[in-house]
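Written below as structure tokens is the structure these notes are about.
The values are calculated or read from the model by the stated rules, or taken from the named source; none is laboratory data. Remember, predicted model here, so these are calculated numbers, not experimental data. A quick note on method: Cβ atoms are made from the backbone with ideal geometry, for glycine too, and the neighbour counts reach across all protein chains shown. With ligands, DNA and RNA removed, areas are computed over all heavy atoms of the protein, side chains included. Shrake-Rupley method; radii C 1.70, N 1.55, O 1.52, S 1.80 Å.
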Amino acid sequence: MPVDTVIFSGEGPHADPWHPLAETSATLARLIGDGGSVAVVTAVDQLEAALDGARLLVVNASADRTTPIPEDETFGRVLDDFLAGGGSLLAVHSATIAFPQLTSWRSTVGAAWAHGRTFHPPIGPSLIRRSGVEHPISAGLGDFEVHDERYTELELVDGVDVESLYVHDEGGDTHPLVWARTVGSSRIVYNALGHDVRSYESPGHRELLRRIVAWLRHDS
């Protein structure tokens, strides 16, 4: 079976000490893959070739830095070409920390981790609530519990419309966690859940992930 989905699993400058990206990428590949249809790539210079013929790019990466490196611009170019060709994107959890100061990445995802502002309560059992937005991804689904971090006060990008499908409550306010958007023929989802493999032990999160991937692949 040809590769349909590519997971970019961050290593080196595209990782950090807090997120077990190799483990969560392997779990994602198992949950969304079928007969070798998913490839895991750990280097930016391998990404363009890996995406040839693929429909979906999953970015499970981060960064323990606040300044850009030349590879960030290379990633941005590859991503822009992939989306311009009708590909879809799923950005997972710490992807909002990845590729710091890469404007095209921030505007594509719709938000970024703002150092000094964004935070998360201690990791643990958390209630994730469905918003009132009607969308094929969340139709028929409800609230669920998950063992995870809840990103709070992400910096949303001005002028980028997102449909928040799932949210959480913290500090008396409601914060978006999962959203979807369409840009031209490309579909984009950010899922702030997925700190470690415990997150994917939640039946609710696994079903949400299944729905997300089906929508991104234009299967629903």
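Computed from label points 7 Å out along Cα-Cβ, the spacing between Asp64 and Ala139 is 4.5 nm.
Annotation for Arg117 and Glu23: the two label points, set 7 Å from Cα along the Cα-Cβ direction, are 3.2 nm apart.
In this structure the stretch 1-132 gives 43 Å² per residue of accessible area when probed at 1.4 Å with all protein chains present.
Amide H contacts under 5 Å for Gly194: Glu149, restricted to partners 5 or more places along the chain or on a different chain, H placed in the peptide plane at 1.01 Å from N. Simple spin-label estimate for His218 and Gln101 gives 3.7 nm between the two label positions (7 Å along the Cα-to-Cβ direction from each Cα). On full extension, the segment bounded by Ala84 and Gln46 gains 11.8 nm, given 0.36 nm per residue less the C-alpha separation.
Tally Lys/Arg at +1 and Asp/Glu at -1 over every other residue whose Cβ is under 12 Å from the Cβ of Phe8; what's the total? Show your work: numbers first, answer last.
Numbers: positive: none; negative: Glu11, Asp45, Glu48, Glu71.
Computed value for this residue: -4.
Surface composition of the stretch 5-99: carbon plus sulfur atoms hold 51% of the accessible area, using a 1.4 angstrom probe and ignoring ligands, DNA and RNA.
Take the Cα of Asp173, go 7 Å toward its beta carbon, and the backbone nitrogen atoms of the stretch 90-112 under 17 Å from that spot belong to 111-112. Full extension of the chain segment joining Glu73 with Asp158 gains 28.4 nm, where the gain is 0.36 nm per residue of separation less the Cα-Cα distance.
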